[in-house]
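Inspection log for the structure reproduced underneath, given as structure tokens.
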Amino acid sequence: MNVTVLQFPGTNCEYDTKYAFEKLGATVTIVWHKDYELPSNTDLVVIPGGFSYGDYLRSGAIARFANIMNAVQTFAAQGGKVLGICNGFQILLEAGLLPGAMKRNNTLHFISKYHHLKVINTDNTFLQLLNKDDVLNVPVAHHDGNYYIDDAGLKELENNGQILLQYCDAQGNAKSLNGSVEHIAGICNKDKNVFGLMPHPERAIETLLGCDDGVKMLQGFFK
Amino acid sequence: MKAIVNVALKRGVLDDQGKATHHALDTLGFKEIIKDVRVGKQIVIELTSNNQEDARAEVKKMCEKLLANTVIEDFDIEIVG
């Protein structure tokens, strides 16, 4: 499997992401935002976490206009798989590849800690190795993770099985983390080839470092 | 000529920063005179154009493309000078 990880000025999770996917057996290429093309053998594009362009204006607002994003738009339109983690999720929202928008956390704090997540839909590449209602423990680290979508949009997400993950407590009861609509932590597009989530599965791949709940998530792309 | 663009969350989208600021002002003794507080941002653009109408149309495009996220934000444009 060939994974292409994008790198913008201010991205800071590209090497963690590379390490995680390589550990699972992928060949990983990091591609600079000024490039116009993705490597032709790309199976999965990952937009990693960080603070592209210093989060200026809005998180992800400037990165979405980078050269490489045109290639990502084309890749996604042709059914290519795209995963956005944290700032990557924000970029996908700004780019219109995923519906909704991100607001500042309702606590107004930067939140950096482990948090439980409930698996909502597994009928997709990303979460296919997990079971509905599984509870995972994965780090979150963000300031703008307060996902917003209007009522009509939310209905659509629910009806199409596009809600992937929800913030919850250790028992799996939905729990607010940042004010997100329906406690949403991750979604996918209608065609189920573009995925975005605020938590960092690539930081949860070694029990030695606390937890490996992210492995089964990332492994979904290998199947 | 310059354009002053104000961007803020739409009515109906909860403005947590506005709410926190409102609360802080309340505790500073302004409670009686405040109805609502909203936090937004202002972007000032110096323009080369001298045609107000053209400038407004171009700035509107800028807002829709980049300056505001119209999923959650509204904007207004003032052309001055």
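With everything on Cα atoms, drop me the angle between helix B:16-25 and the longest principal axis of chain B, reported from 0 to 90° to the nearest 10.
50 degrees
Can you give me the relative contact order of the stretch A:1-55 as a percent, contacts being Cα pairs under 8 Å and 6 or more apart?
Values: 94 pairs, mean separation 30.8, N = 55.
This gives 56 percent for the stretch A:1-55.
Between the DSSP loop rule and a limit of at most 12 other Cβ atoms within 10 Å, which chymotrypsin sites (Phe, Trp or Tyr not before Pro) in the stretch A:1-72 are left? Don't skip to the end; give the middle numbers.
On the way: sites: A:TYR15, A:TYR19, A:PHE21, A:TRP32, A:TYR36, A:PHE51, A:TYR53, A:TYR56, A:PHE65; in loops: A:TYR36, A:PHE51, A:TYR56.
Within the stretch A:1-72, the qualifying chymotrypsin sites (Phe, Trp or Tyr not before Pro) (loop, at most 12 other Cβ atoms within 10 Å) are A:TYR36, A:TYR56.
Rounded to two decimals, what ratio of Rg to Rh does chain B give with C-alpha atoms and a Kirkwood Rh? Could the numbers behind the result be given before it?
On the way: Rg = 15.7 Å, Rh = 14.2 Å.
Looking at chain B, the ratio lands at 1.11.
Principal axis extents for the stretch A:111-223, Cα atoms only, whole Å, descending order, please.
43, 32, 24
In the stretch A:1-154, what % of DSSP beta bridges are antiparallel (nearest 5)?
Details: 12 of 25 bridges.
Among the beta bridges of the stretch A:1-154, antiparallel pairing accounts for roughly 50 percent.
Answer with one residue from A:SER176, A:PHE221, A:THR207: the one whose Cα lies farthest towards the positive end of the charge dipole of the stretch A:97-221, charges on Cβ with Lys, Arg +1 and Asp, Glu -1.
The Cα lying farthest towards the positive end belongs to A:SER176.
Calculate the mean, over all residues of peptide B:67-73, of how many other protein chain Cβ atoms lie within 10 angstrom of the residue's Cβ. It would help to have the intermediate numbers written out before the result.
Working: counts 3, 3, 10, 1, 11, 9, 3.
Per residue, the average neighbour count from other chains is 6.
Return A:HIS33, A:HIS200 ranked ascending by Cβ neighbour count within 10 Å, so the fewest neighbours appear first.
Working: A:HIS33 17, A:HIS200 22.
If I rank by nearby Cβ atoms, fewest first, I get A:HIS33, A:HIS200.
Among the listed pairs A:LYS113/A:LYS216; A:LYS175/A:LYS216; A:LYS113/B:LYS10; A:LYS118/A:LYS192; B:LYS2/B:LYS31, give every one whose C-alpha distance is greater than 25 Å. Don't jump to the answer; show the numbers that get you there.
Details: A:LYS113/A:LYS216 20 Å; A:LYS175/A:LYS216 23 Å; A:LYS113/B:LYS10 30 Å; A:LYS118/A:LYS192 19 Å; B:LYS2/B:LYS31 36 Å.
From A:LYS113/A:LYS216; A:LYS175/A:LYS216; A:LYS113/B:LYS10; A:LYS118/A:LYS192; B:LYS2/B:LYS31, over 25 Å: A:LYS113/B:LYS10; B:LYS2/B:LYS31.
In chain A, which helices (entire DSSP H runs) extend 30 Å or more along their own long axis, judged by Cα positions, while averaging at least 1.0 on the Kyte-Doolittle scale? All intermediate terms of the calculation are to be shown ahead of the outcome.
Numbers: long enough: none.
Once both thresholds are applied, nothing remains.
Mind ranking A:187-196, A:107-116 by how tightly packed they are, going by the mean number of other C-beta atoms within 10 angstrom, highest first?
Values: A:187-196: 21.8, A:107-116: 14.2.
Order by mean packing, descending: A:187-196, A:107-116.
Sticking to Cα atoms, compute the Rg of chain A to one decimal and its Dmax as the biggest Cα-Cα distance, whole number, in Å.
Gyration radius and largest Cα-Cα distance of chain A: 15.7, 45 Å.
For every helix of n ≥ 4 consecutive DSSP H residues, a contribution of -39,500 (n - 2.57) applies; sum these over chain B, divide by its total residues, and give [θ] at 222 nm rounded to the nearest 500 deg cm²/dmol.
Working: 2 runs with 21 residues, N = 81.
Helix contribution divided over all residues of chain B: -7500 deg cm²/dmol.
If I take every Cα pair under 8 Å that is 6 or more residues apart in chain B, average their sequence separation and divide by the length, what percent do I get for the relative contact order? Each step should come with its number before you reach the end.
Values: 102 pairs, mean separation 44.1, N = 81.
Averaging sequence separation for qualifying contacts and normalising by length gives 54 percent for chain B.
Taken together, the values in this text are just the output of simple stated rules run on the coordinates, not laboratory data. In this text the structure is predicted, and so the values were computed from the model without any measurement. All Cβ positions, even for glycine, are placed from backbone atoms using ideal geometry, and neighbour counts span all protein chains on display.
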